[in-house]
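Accompanying notes for the structure given below.
The values are calculated or read from the model by the stated rules, or taken from the named source; none is laboratory data. What you see is a predicted model, and the numbers here were worked out from it, not measured in a lab. Please note: Cβ atoms are built from the backbone with ideal geometry, for glycine as well, and neighbour counts cover all protein chains shown.
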Amino acid sequence: MRVLTYLLPLLSLSTTRAAADDAASHAPKSIHTLHQWPLGVWAENIAVRANGHLLVTFVTPSASVHQLDPSNPPNTTDPAATLLHAFPNATQATGITELGSTPDVFAVVADSTIHTLDLRAPAPRVRRVATIAAAGLLNGAAALPGTPLLLVADSQLGAIWRVDARTGAHSLLLRDPAMAPSAADPHLPFLGINGIRYGADGFVYFNNSPRRWWCRVPVDPTTGDVRGPVQTLAEGVLADDFAEVHMTEGFANLWVS
């Protein structure tokens, strides 16, 4: 996690390509600020709706989800102008991802509780899915395509939880040293695995921010069951999160912030 007061530009990082990509793919891109919230706002994660609107989770000043239309951003920095839903009993909202089984319904992590945010009707509908009492610090979230299953990163435990967004059933899927916090980083003592995404190649990709590691682990695309050991793809790359796993000619490309 990191403090953000505006939407960060995304950079492309190829994690599995041995040779350099075509130079054109790394050419400078046109970048502009879509919207800026005031100092004190901690915007944590972003999901994109099918209509192009951005859903942004807030840690501060309150655990909440905000919606931003990139084509028509508000002309005020007041967070109230973008507020979609607040979680009054939570201290922070972190991960957000669209369910793999239901378009325009998103899973949102607020403290140790996972909620669904249904945007199919004019007024958003929120439902509590599950509270994981044994969780440490829940962070990023990913969905398995075509299923109600979620994979939620636990930065403090160094683990991934599996959650059924339909029934609320949850279990510890995997705990691995590659996901654990780094004792060598006193500034982030409770932060290990951070961002998490499922790729079309059958791997779950994740990063460990303090250790600057980029890893993946094979899983069953239907059940989420782990199919093999964790693989380290890259080291020495500090980042907070990544937007997607885009497959190009058999190679995985991550859009990293």
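For the reader, a short list of remarks on this structure follows.
- Condition check for residue 84 on (1) modelled with pLDDT under 95; (2) over 13 Å from the mean Cα position of the chain (by Cα): one failure, at (1).
- Residues of the range 155-176 that turn out to be under 15 Å from residue 131 (Cβ atoms) and either among the β-branched types (Val, Ile, Thr) or in contact with a Pro (Cβ under 8 Å, 6 or more places away or on another chain) (or both), as a count: 4
- Leading residue by the ranking (surrounded by the most Cβ atoms within 10 Å (Cβ to Cβ)) among those in the range 145-191 that are hydrophobic (A, V, I, L, M, F, W, C) and more than 19 Å from residue 207 (Cβ to Cβ): 165
- Leading residue by the ranking (surrounded by the fewest Cβ atoms within 10 Å (Cβ to Cβ)) among those in the range 101-131 that are in contact with a Gly (Cβ under 7 Å, 6 or more places away or on another chain) and over 13 Å from residue 47 (Cβ atoms): 101
- Single condition residue 11 does not satisfy, out of (1) surrounded by 14 or more Cβ atoms within 10 Å (Cβ to Cβ); (2) under 25 Å from residue 109 (Cβ atoms); (3) modelled with pLDDT under 70: (1)
- The residues of the range 205-232 that are touching a residue at least 60 places away in the same chain (Cβ under 8 Å) and either in contact with a Pro (Cβ under 8 Å, 6 or more places away or on another chain) or of a type in the set (Gly, Ala, Ser) (or both), listed by number, are 221, 224.
- Yes/no for residue 78 being over 21 Å from residue 40 (Cα atoms), out of contact with any strand residue (DSSP E or B) (no Cβ under 6 Å at 6 or more places or on another chain) and of a type in the set (D, E, K, R): no
- If you go through the range 192-205 and pick out every residue that is farther than 18 Å from residue 135 by Cα and crowded, with 17+ Cβ neighbours inside 10 Å, you end up with 6.
- Residues within the range 210-227 that are part of a strand (DSSP E or B) and within 30 Å of residue 186 (Cβ to Cβ), tallied: 5
- Subset of the range 149-169 [within 16 Å of residue 137 (Cβ to Cβ) and either more than 18 Å from the chain's Cα centre (by Cα) or not polar (S, T, N, Q) (or both)]: 151, 152, 153, 154, 157, 158, 159, 160, 161, 163
- Scanning the range 60-88 for residues that are surrounded by fewer than 21 Cβ atoms within 10 Å (Cβ to Cβ) and small (Gly, Ala, Ser) turns up 62, 71, 80, 81, 86.
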